[in-house]
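The values are calculated or read from the model by the stated rules, or taken from the named source; none is laboratory data. Note that this is a predicted model, so its numbers are computed, not measured. Positions of Cβ are generated from backbone atoms using ideal geometry, with glycine treated the same way; all protein chains shown enter the neighbour counts. Accessible surface is based on the protein model in full, side chains and every heavy atom, while ligands, DNA and RNA are left aside. Shrake-Rupley method; radii C 1.70, N 1.55, O 1.52, S 1.80 Å.
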Amino acid sequence: MVQTYRSPVRIYKHPFEIVMAAYEMRFPTCPQIPIFVGSEVIYEYKSDDGAEWVIDRKCQLNVEAPYLVKKIAGVDYVYFSQKNALDRRKRTLDIEATNISFANRIAIKENCTYYVHAENENWTCFEQSASLDVKNFFGLESAVEKLAVRQYGANLAKGKEILEYFIEELLKKTTHIERYRDPNEEETTSTADSAIELKESSDGEAVLVNQKAPMLAAETDEMKTARATASFDDADSKLEAEYIRRFLGQLSPLEESRLCEIKYSLQAHHKGKLPNDAHLLRFLRARDFDVAKAKDMVHASIIWRKQHNVDKILEEWSRPTVIKQYFPGCWHNSDKAGRPIYILRLGQLDTKGMLRSCGVENLVKLTLSICEDGLQRAAEATRKLGTPISSWSLVVDLDGLSMRHLWRPGVQCLLKIIEIVEANYPETMGQVLVVRAPRVFPVLWTLISPFIDEKTRKKFMVSGGSGGDLKEELRKHIDEKFIPDFLGGSCLTTNCGLGGHVPKSMYLPVEEQEGASSSEDPLHSTYTNTATWRGYPVEVVIPIETAGCVLTWDFDVLKNDCEFSLYFSTEKIEQPPVRDGAQSPTTILNPVEMVSAAIGGASHQHSDLQCAPELKVGTPQLILEEKPVLFQEGDSMQGSHYCSRAGTYIMQWRVPESTAGHSSTFDFGSHKCRLIYYYEILNSENFRGSVASLESCRSSSFSSIAPPTPPTPGTPKNP
């Protein structure tokens, strides 16, 4: 595999002539570069007018390599050819270096260019690119490739330091070097190129300036701000090393190279708007600086943004009233690292009510608007603080979290949102502080953690404490004046929704929801639609093989009333067919059953289980785990049951006796109760480790959540 390198633009705040004179001081030997043993001139050419100078050197290097590698290769030194082409008229130097040693086994090529800064003629720019292709090296291809990449990266930063050292040494001897003058030009033209003199810039840095061009001599504070601001979001600009350090952070030479590669590659092959440099860096970090993988990720994100018009979501999408009133989340100042803070009081969120009142699409758009706002806030923090801020902090308050938050469509909606965020907003989460975590939290974490990137999972810190101790712990991450009032601080969060139950009057009509059903919509793809009639209950048989599991359920009563019960049996019971809610009794009952249902339905209600009529409550074989509860038309129910024993659990819905007893014969319509239901078994093995992890940090101090156990091969990823 060919390894490549591309440097950002490095700027020397000195004229080109000074930089070139300092560069030549490195030859024929350079003690400051230990691996550079020496060089000899193979070929040299100088034009008659002195404007062009071409020189070929054979360079000897003492490469730091393991003894075994050198022994197998049979060499102590390696040789390179370096061709320098200096054009004093254009003020450029082009350098091309290739390996002589092992040329048939390894192909190394490096190109460097020095040129004058486009906006300041007294500054010199430097760019560098290189490639390495290890074709065949005595079976040590991988080792040699890693060795070469490591040494090359280590020498990149040193090269700039060495050149700056020679510049300083040169400035001790002379303070001016005249530019090249074409002897054929008139004297009046040549005098325009006056001497270069040593001056001191506004920030105290010694630079060489042209007396005839004082306005271009030194970059003022206004120029620095204007250039940095303009280039921050300019997808067409070149990357400068100083700009990277100030606005993107301290990157290694190879990381800088990967950023340059992906930016310039996208500029060359993609038409239209590109993510800015800070966001490109996030994609690279998400893929461990693998340019090919990161570029695929960026391409997919660009297409996705166009499809969903994400660039205009902050201007064109407005939050529905239910979100404004009942979504308990908001931006809230910044943490001690300068990152914007987003607060989400998840325990106060009515997940089911929010989803039923505004739908999945609006919740996804809400998330996207928060992420887009976060990108802008991070960029603004970078400009304001003068230090790179590329992410934000999330404070998740779980006070009030219960099993109702494990409503399956809500969890599926959350997983969909996580998938979108992971794919399009990578590395935007600086830290996640989970506070006031109850005992049910490990169950929720088990469901969602497999879908969160491993790097992001490591940023989760959880605390089960509260009160003053929690406030003291929060002070480690957030200035005391910014700690929210509901977490023991004094800072008000007036711009947050209150949360709480969404009134059912704000729910979308059932007919509208059914009309919008889709296989991709978790609100409709999860539920089973069924109906129960007098004397014919709906029963769902659930075998539990391991004690300690948690059985959760959710159902909505769409028409008429019904009773819900939960049974446990030590016997194995077959699952009876579940009737479709659209069916009528005449399509599923024979004439004898219809008469029985019409005449004896009320008495038939007293049988405990239709799927196992021989079993009676009160015997060891059948136990009533959850007593019958009456639900009326329009009610929604979310519940859970801890399965302390292995065996068979049966959920049952039936028409209540009070309704059945006052109906006329064959009046099946008044006996029918329509409902939709869903259930799930949470295996204790999946969250037992998470429970232990949470219990270990029940105090107010934050602790990292233990990573989930990798799934067994062949086990489905979805929970």
Worksheet item: Within the accessible area of segment 393-501, what % is carbon and sulfur when the probe is 1.4 Å and the other protein chains stay in place?
Response: 53
Item to complete: With a 1.4 Å probe and every protein chain left in place, work out the accessible area per residue of segment 254-308 in Å², rounded to a whole number.
Response: 46
Discussion item. I need the peptides 648-654, 608-614 ranked by packing, meaning the mean over residues of other C-beta atoms within 10 angstrom, with the highest value on top.
Written reply: 648-654, 608-614
Worksheet item: Straight-line reach from LYS458: which lysines have Cα under 21 Å away, leaving out those fewer than 8 places along the same chain?
Response: LYS336, LYS416, LYS476, LYS717
Worksheet item: For segment 2-172, with only Lys/Arg (+1) and Asp/Glu (-1) charged at the beta-carbon, what is the dipole magnitude about the Cα centre, in debye rounded to 20?
Response: 540
Worksheet entry | Cβ-Cβ FRET estimate between ILE177 and VAL75, R0 fixed at 56 Å, reported to 0.05 | 0.90
Item to complete: Express the carbon and sulfur contribution to the solvent-accessible surface of segment 254-308 as a percent, rounded to the nearest whole number, probe 1.4 angstrom.
Response: 52
Practice prompt. Note down the net charge around GLU633, summing +1 for each Lys or Arg and -1 for each Asp or Glu among other residues with Cβ under 12 Å from its Cβ.
Written response: +1
Practice prompt. Would you mind counting up the charge near PHE486? Only other residues with Cβ under 14 Å from its Cβ, with Lys and Arg at +1 and Asp and Glu at -1.
Written response: 0
Fill in: Neighbourhood net charge (10 Å Cβ-Cβ; Lys/Arg +1, Asp/Glu -1) for VAL9
-1
Response to the item:
Note on segment 312-504, DSSP bridge orientation, antiparallel percent to nearest 5 equals 20
